[in-house]
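Participant: Supplied in structure tokens, the structure appears directly below.
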Amino acid sequence: MLRFMLQRILVAIAVAVTVSVASFMLLHLSGDLAAAIAGPEATSAQVEAIRVQYGLNQPMLAQFTAWAWKALHFDFGNSFYFRESVVDLLASRMPITLFLGVVALAVALFVAIPLGVLAAVKRDTWIDRLALSVSVLGQAMPSFWFGLTLIMIFSVNLRWLPVSGNTTWKHFVLPAVALGYYAMPAVMRLTRNGMLEVLASDYVRTARAKGLPPRKILIRHALRNAVIPVIALAAVQFGFMLGGSIVIEAVFSLQGLGQLAWESIARNDFPVVQAIVLVLAMIYIALTLAADLLNAFLDPRLRQ
């Protein structure tokens with residue numbers, strides 16, 4: 001187990017370093033940062049002054065080293081547009097995005113796991129085909145379109161829920177459903193496939209031969225083992241939700257990291273964009289590492 005943990009931790013560190021380099025280089029490859037910061041009306045002297053002020057005249061390796069050292073100490077500089085610390089901006093917006101991601105993941109798991117179990121138990125019936133159809137529709141439907149559809153139905157026509165904002169729990173219902181529906185198909189299919197494999201295993205047939213109640217076999221023996229891969233997938237999907245919340249937050253005007261990223265990209269606020277990309281990537285790496293370790297703890301076969 002210790003060897004497995006060390007291997008996974010080393011892989012996570014390597015991925016984190018690669019993401020750090022990529023997030024740093026991505027903005028520098030997009031053009032002249034000094035000219036973008038100064039604006040189209042700036043003179044050559046003003047652009048050069050900004051280049052010197054922000055250290056953009058230094059070699060690329062020196063710039064990356066300085067940026068990475070500050071990032072390790074949670075110092076991402078100040079926002080060009082908001083004129084405040086990037087860390088303070090992220091700290092004020094992060095809770096909204098995390099809360100939205102947790103609720104959306106809960107919605108996805110609450111719907112997808114029972115649906116996957118039911119589809120496996122009722123294999124090749126209309127219930128199974130309906131579940132697979134819902135899965136395909138969830139993958140094919142753009143999240144922004146689904147969000148707008150929810151707004152039209154439940155906010156504009158029925159007036160049950162608010163259209164936008166984040167002041168009460170009601171404001172998170174529609175965004176969580178729209179974002180959770182994005183993760184539901186993968187979880188449902190994995191649960192269904194895992195249940196089909198487990199239900200055909202020898203120990204389940206033995207449990208049936210012993211006369212155990214079907215519900216006990218389904219929950220204690222089948223679902224308990226089939227849900228193990230879902231843990232890793234749930235962690236991955238949660239990371240995707242945090243990164244993909246930019247669209248949902250823009251549709252529902254939630255003032256989270258996604259909305260902040262959208263505003264920062266539109267206003268060439270490079271320190272904020274860099275920080276958001278790095279923070280979300282590190283959260284995703286940490287979640288994936290935690291899921292791998294938890295799966296290895298639950299299933300000894302993965303440690304071999």
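Participant: Mind giving me the FRET efficiency for Ala22 and Leu137? R0 is 25 Å, r the Cβ-Cβ distance, nearest 0.05 is fine.
Facilitator: According to the calculation, E is roughly 0.15.
Participant: Along the charge dipole of the chain, pointing to its positive end and built from +1/-1 on Cβ of Lys, Arg, Asp and Glu, which listed residue (Tyr54, Leu289, Ala22) has its Cα farthest out?
Facilitator: Value computed over the given set: Leu289.
Participant: Under a Cβ-only charge scheme (Lys and Arg +1, Asp and Glu -1), can you give me the dipole magnitude of region 188-304 about the Cα centre, in debye to the nearest 20?
Facilitator: For region 188-304, the charge dipole is close to 1000 debye.
Participant: Taking amide H positions as placed 1.01 Å from N in the peptide plane, with prolines and chain starts having none, which residues 5 or more places from Gly256, or on another chain, fall under 5 Å of its amide H?
Facilitator: Under 5 Å from the amide H of Gly256: no residue qualifies.
Participant: For region 149-230, treating each Cα as an identical point scatterer without solvent, what Debye log10 I(q)/I(0) comes out at q = 0.11, 0.24 1/Å?
Facilitator: The Cα Debye sum returns log10 ratios of -0.52, -1.03.
Participant: Rounded to the nearest 20 Debye, what is the dipole magnitude of the chain about its Cα centre when Lys and Arg each give +1 and Asp and Glu each give -1 at the C-beta?
Facilitator: 1780
Participant: Given 37 °C and 0.692 mPa s, compute D for region 151-304 with the Stokes-Einstein relation, Rh being the Kirkwood radius over Cα pairs; round to the nearest whole µm²/s.
Facilitator: D = 177 µm²/s.
Participant: Also, quick follow-up: What are the ³J(HN,Hα) values, in whole Hz, obtained from phi via the Karplus relation 6.51 cos²θ - 1.76 cosθ + 1.60 with θ = phi - 60°, for each residue of region 152-159 in sequence order, with x given for Gly and Pro?
Facilitator: Going residue by residue, I get 4, 7, 8, 9, 7, 7, 7, 6 Hz, with x marking Gly and Pro.
Participant: Could you order the peptides 196-206, 182-192, 88-98, 144-154 from most to least packed, using the average number of other C-beta atoms within 10 Å per residue?
Facilitator: Listed from highest to lowest mean packing, they are 182-192, 88-98, 144-154, 196-206.
Participant: Next question. Once you compute Rg and the Kirkwood Rh from C-alpha atoms, what is the Rg to Rh ratio for the chain?
Facilitator: My calculation of the ratio gives 1.07.
Participant: Do you know the relative contact order of region 89-210, to the nearest whole percent, from alpha carbon pairs under 8 angstrom that are 6+ apart? Walk me through the numbers on the way to the answer.
Facilitator: Values: 111 pairs, mean separation 50.0, N = 122.
RCO, region 89-210: 41 percent.
Participant: Across region 10-20, in residue order, what do the Karplus-derived ³J(HN,Hα) couplings come to in whole Hz, using 6.51 cos²θ - 1.76 cosθ + 1.60 with θ = phi - 60° and x for Gly and Pro?
Facilitator: 3J(HN,Hα) across region 10-20, in whole Hz: 5, 5, 5, 5, 4, 5, 4, 5, 4, 5, 4.
Participant: When the chain is modelled as a GNM with alpha-carbon springs shorter than 10 Å, which of Ala34, Ala207, Ala290 fluctuates the most?
Facilitator: So, out of Ala34, Ala207, Ala290, the one fluctuating most is Ala207.
Participant: A further question follows. Which Cα, out of Gly194, Ala235, Ile217, lies furthest along the positive dipole direction of region 191-236 (beta carbon charges, K/R +1, D/E -1)?
Facilitator: Ile217
Participant: Comparing Leu161, Leu105, Leu289, which has the greatest mean-square fluctuation in the GNM of the chain with Cα pairs linked when under 10 Å apart?
Facilitator: Result for the chain, Cα springs under 10 Å: Leu161 fluctuates most.
Participant: What does the net charge come to around Val272 if you take all other residues with beta carbon closer than 15 Å to its beta carbon, with K and R at +1 and D and E at -1?
Facilitator: Numbers: positive: Lys70, Arg83, Arg93, Arg267; negative: Asp75, Glu84, Asp88, Glu249, Glu263, Asp269.
Spelling it out: positives minus negatives among the neighbours equals -2.
Participant: Considering the chain as a Gaussian network with a 10 Å cut-off on Cα pairs, which listed residue, Val111, Val156, Val279, attains the greatest mean-square fluctuation?
Facilitator: Val156
Participant: Express in nm, to one decimal, how much length is gained between Phe99 and Thr65 on full extension, taking 0.36 nm for each residue of separation and deducting their alpha carbon distance.
Facilitator: Taking 0.36 nm per residue and subtracting the Cα distance, the gain is 8.9 nm.
Participant: Something else: Between Ala209 and Asp124, how high is the FRET efficiency from 1/(1 + (r/R0)^6) when r is the Cβ-Cβ distance and R₀ = 41 Å? Nearest 0.05.
Facilitator: 0.95
Participant: Divide by every residue of the chain the summed helix terms, -39500 (n - 2.57) for each DSSP H run of at least 4, and state the resulting mean residue ellipticity at 222 nm, rounded to the nearest 500 deg cm²/dmol.
Facilitator: Computed ellipticity for the chain at 222 nm equals -24000 deg cm²/dmol.
Participant: Out of the GluC sites (Glu not before Pro) in region 22-124, which ones are loop residues according to DSSP with at most 12 other C-beta atoms within 10 Å?
Facilitator: On the way: sites: Glu41, Glu48, Glu84; in loops: Glu41, Glu84.
Passing sites in region 22-124 are Glu41, Glu84.
Participant: When the distances between all Cα atoms of region 1-138 are binned every 5 Å from zero, what whole-number percent does each bin get?
Facilitator: Histogram of Cα-Cα distances, whole percents per bin: 2, 7, 9, 12, 12, 11, 10, 9, 8, 7, 6, 4, 2, 1, 0.
Participant: A further question on this structure: Defining a contact as two alpha carbons under 8 Å apart and six or more residues distant in sequence, what relative contact order in percent does the chain show?
Facilitator: The normalised contact order for the chain reaches 26 percent.
Participant: Which value in nm describes the separation of the simple spin-label points at Trp145 and Val163, placed 7 Å from the Cα toward the beta carbon?
Facilitator: 2.2
Participant: So what are the ³J(HN,Hα) numbers for region 168-177, from phi and the Karplus equation (6.51, -1.76, 1.60; θ = phi - 60°), rounded to whole Hz, Gly and Pro as x?
Facilitator: Using θ = phi - 60°, the values come out as 10, 5, 5, 5, 9, 5, 5, x, 5, 5 Hz.
Laboratory data are not the source of any read-out in this text; all were calculated from the coordinates shown. Values in this document were obtained by computation on a predicted structure and should not be read as measured data. Ideal geometry is used to build each Cβ from the backbone, glycine not excepted, and the neighbour counts take in all protein chains shown.
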